[in-house]
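Contents: one structure, followed by commentary.
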Amino acid sequence: GTLMRTCRSDGVIIKPDMPIVPIDRAYLEGARHVRTPVIASTYTDQGGVKTAYAFAFAPTRRDKGPVSFSASDIGLHGVMYVYDYFTGKSSLVPSGKKFTGALGSDDASYYVCAVPGAAGIAFMGQRGKFVGTGRARIPSLRDTPEGLTARVAFAPGEDVVTLHGRAAFRPVATVHGGMAGAGRYNKAARQFAVAGPASAQRPTPTLDGR
């Protein structure tokens with residue numbers, strides 16, 4: 001259910017680094033009485049690997065309209081990958097350009113956003129969680145040209161976590177202390193997902209950049 005999207009199976013909440021707050025532009029638009037969806041954002045930042053989370057909603061019927069934000073609006077820089085959490089659709093936004101999307105049927109939408117790092121990977125963390133890169137699930141990240149290394153924290157009884165993200169190539173996944181499950185790569189959308197491991201207590205998956 002919806003509640004389990006916020007936490008691990010043991011009830012530990014997977015949180016961002018900071019509380020979610022409206023972006024600066026939202027305050028300015030409110031002061032000018034501009035009728036547009038309100039956008040709020042938060043993030044996780046580990047070892048320079050930053051993943052942002054943006055929530056857009058229409059406070060009233062008059063505020064319905066397109067959702068639009070740039071990387072700088074949500075604390076990112078450069079080319080930005082935007083993943084629509086509820087529809088599963090993804091977009092690659094060139095540096096300096098704005099993402100444009102639509103509110104869902106409930107007048108709200110939610111996006112996971114990241115930029116490709118040194119390994120060429122935009123990391124989204126655990127698929128299916130509202131904050132897939134929260135420290136309760138991903139305690140540490142290391143990004144180098146050779147690969148992106150993520151340490152995964154498991155709750156008692158958990159044995160599989162699916163990580164996902166975007167890359168212009170099919171990443172090769174290895175797991176230190178366990179076995180990676182079969183990976184999937186959508187070449188058209190440039191989305192990847194890898195499940196694993198099946199037996200490690202303290203796994204450290206590495207996604208090779210080349």
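The values are calculated or read from the model by the stated rules, or taken from the named source; none is laboratory data. The structure presented is a predicted model; accordingly, all values stated were derived computationally and were not measured. Don't worry about glycine lacking a Cβ; one is built from the backbone with ideal geometry, like all the others, and counts go over all protein chains shown. For the accessible areas, the whole protein counts, side chains as well, though only heavy atoms, and no ligand, DNA or RNA atoms are used. Shrake-Rupley method; radii C 1.70, N 1.55, O 1.52, S 1.80 Å.
The table for this structure:
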{"item": "Accessible surface, 1.4 Å probe, highest first, among residues 3, 103", "result": "3, 103"}
{"item": "For segment 95-164, the spread of Cα positions along each principal axis, largest first, Å", "result": "37, 33, 16"}
{"item": "Amide H contacts of residue 23 (H built 1.01 Å from N, under 5 Å, at least 5 apart or other chain)", "result": "39, 40, 41"}
{"item": "Segments 152-159, 81-88 sorted - mean Cβ within 10 Å per residue, highest first", "result": "81-88, 152-159"}
{"item": "Accessible area of segment 32-97 belonging to carbon and sulfur atoms, whole % at 1.4 Å probe", "result": "53 percent"}
{"item": "Gap separating the Cα centres of segment 136-163 and segment 93-135, nearest whole Å", "result": "18 Å"}
{"item": "Per residue, in Å², the accessible surface of the chain once ligands and nucleic acids are set aside, probe 1.4 Å", "result": "50 Å²"}
{"item": "Entries of 50/98; 89/187; 15/64; 98/129; 15/50 with Cα pairs more than 22 Å apart", "result": "15/64; 98/129"}
{"item": "Cα-centre dipole for the chain with unit charges at Cβ (Lys and Arg positive, Asp and Glu negative), debye to 20", "result": "360 debye"}
{"item": "Computed Rg/Rh of the chain, alpha carbon atoms with Kirkwood Rh", "result": "0.98"}
{"item": "Leading residue at positive end of dipole, the chain (Cβ point charges), from 149, 169, 28", "result": "169"}
{"item": "Cα shape, segment 1-77, gyration tensor, a/c 1.5 rule", "result": "oblate"}
